[in-house]
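For reference, the structure discussed in these notes is given below.
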Amino acid sequence: MKLLIVGYGRHGKDTVAEYLCKKHILKFQSSSMHCAERVVFPALKDMYGYKTIQECFDDRSNHRREWYELISEYCKDDLARIGREIFSGSDIYCGLRNKREFHSIKNNGLFDYAIWVDRSDYLPPEDKSSNTIEPWMADFVIDNNGTLEQLYRNIDDLYRNLQIREL
């Protein structure tokens, strides 16, 4: 089963992906780290004086628009490019932000279910300049407005439902 995990910045996407990997023995790659390695670090390292990919990755929240634009440029001729790259070695693609790429990846059948992670009771929506995906585009929504234990229960409930669908 291939899962796409989406949502606004800081709403818990990586937490959901990490938990699924730990509890259900799946593999995931963060799109941010994937793109930092292949696209963003080479483009921004001199401009911001980054010494390592990790340093670039850790500073991503300060340059969201630049990241979005660089990644969009990387995919301009093949909107499913990153999806193919990530899903070639992972069960989970975490952090897609571009609706055109979303539709292309979906139309290419690269994932089975899209899951939106919602923490909107505590954090605002992300600006469209860095994320054009919206909650209605996902197949399911995981509520991340409670405790960590409640989030884990919500993930387990959804994953159990997805496994039943796959039978």
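The values are calculated or read from the model by the stated rules, or taken from the named source; none is laboratory data. Remember, it's a predicted structure, so these values are computed and weren't measured experimentally. Cβ: placed from backbone, ideal geometry, glycine included. Neighbour counts: every protein chain shown. The area values use the complete protein model at the heavy-atom level, side chains included, leaving out ligands, DNA and RNA. Shrake-Rupley method; radii C 1.70, N 1.55, O 1.52, S 1.80 Å.
Counting each pair of different Cα atoms once, what's the Kirkwood radius of the chain in Å, rounded to one decimal? So the Kirkwood estimate lands at 16.3 Å. If the segment from residue 38 to residue 156 were pulled out straight at 0.36 nm per residue, it would be longer than the present Cα-Cα gap by 39.2 nm.
Structure remark: mean-square fluctuation, Gaussian network model of the chain, C-alpha springs under 10 Å; the largest value among 14, 127, 91 belongs to 127.
Backbone phi angles across segment 35-48, fed through the Karplus curve with coefficients 6.51, -1.76 and 1.60 (θ = phi - 60°), yield HN-Hα couplings of 6, 4, 5, 8, 10, 6, 4, x, 7, 10, 4, 6, 4, 10 Hz in residue order; Gly and Pro are listed as x.
In a simple Cβ point-charge model (Lys, Arg +1; Asp, Glu -1; nothing else charged), segment 1-96 has a dipole of about 340 debye relative to its Cα centre.
Mean-square fluctuations from a GNM of the chain, with a 10 angstrom spring cutoff on Cα atoms, peak among 61, 72, 104 at 61.
Loop-located GluC sites (Glu not before Pro) in segment 1-103 (DSSP state other than H, G, I, E, B) with a sparse environment of at most 16 neighbouring Cβ atoms within 10 Å are absent. Give me the net charge for the shell around residue 150: Cβ to Cβ below 14 angstrom, other residues only, Lys and Arg +1, Asp and Glu -1. Cβ neighbours under 14 Å give a net charge of -4. Any idea of the accessible area per residue across segment 1-132, 1.4 Å probe, to the nearest Å²? On a per-residue basis, segment 1-132 sits at 50 Å².
Give the calculated FRET efficiency between residue 66 and residue 18 to the nearest 0.05, with a Förster radius of 30 Å applied to their Cβ-Cβ distance.
Values: r = 26 Å, r/R0 = 0.86.
It comes to 0.70.
Measuring only protein heavy atoms, the 1.4 Å probe finds residue 103 accessible over about 80 Å².
When the square roots of the Cα gyration tensor eigenvalues are ordered a ≥ b ≥ c, the ratio a/c for segment 1-72 is 1.5 or more and a/b exceeds b/c, which makes its shape prolate. The trypsin sites (Lys or Arg not before Pro) of segment 35-130 that meet both conditions, a loop assignment by DSSP and at most 15 other Cβ atoms within 10 Å of the site Cβ, are 51, 76, 128.
Residues within the reach of a label modelled at residue 10 (point 7 angstrom out along Cα to beta-carbon, backbone nitrogen below 11 Å), restricted to segment 47-65, are 61-62.
Sequence-ordered 3J(HN,Hα) estimates for segment 153-160 from the Karplus curve with 6.51, -1.76 and 1.60 and θ = phi - 60° stand at 5, 4, 5, 4, 4, 5, 4, 4 Hz, glycine and proline given as x. Between residue 106 and residue 128, the FRET efficiency from the beta-carbon distance, with R0 = 22 Å, is close to 0.65. Of the chymotrypsin sites (Phe, Trp or Tyr not before Pro) found in segment 82-148, the ones in coil according to DSSP and having at most 12 other Cβ atoms within 10 Å of their Cβ are 122.
Of the residues 33, 1, 47, 137, the one with the largest accessible area comes first in the ranking 47, 1, 33, 137, computed with a 1.4 Å probe on protein heavy atoms. Among residues other than residue 162 with Cβ under 12 Å from its Cβ, the summed charge is -3 (Lys and Arg +1, Asp and Glu -1). Compute the angle between helix 13-24 and the longest alpha-carbon principal axis of the chain, please, reported from 0 to 90 degrees and rounded to the nearest 10. That helix lies at roughly 50 degrees to the long axis.
Measure out, as a whole number of angstrom, how far apart the alpha-carbon centroids of segment 1-79 and segment 118-140 sit. One Cα centre to the other: 16 Å. Close amide H contacts of residue 26 (hydrogens built in the peptide plane, cut-off under 5 Å, sequence separation of 5 or more or a different chain): 21. For the chain, the mean residue ellipticity at 222 nm estimated from helices alone is -13500 deg cm²/dmol, where every DSSP H run of n ≥ 4 contributes -39500 (n - 2.57) and the total is divided by all residues, rounded to the nearest 500. Build a GNM of the chain with springs between Cα atoms under 10 Å apart, and of 26, 79, 148 the one that fluctuates most is 148.
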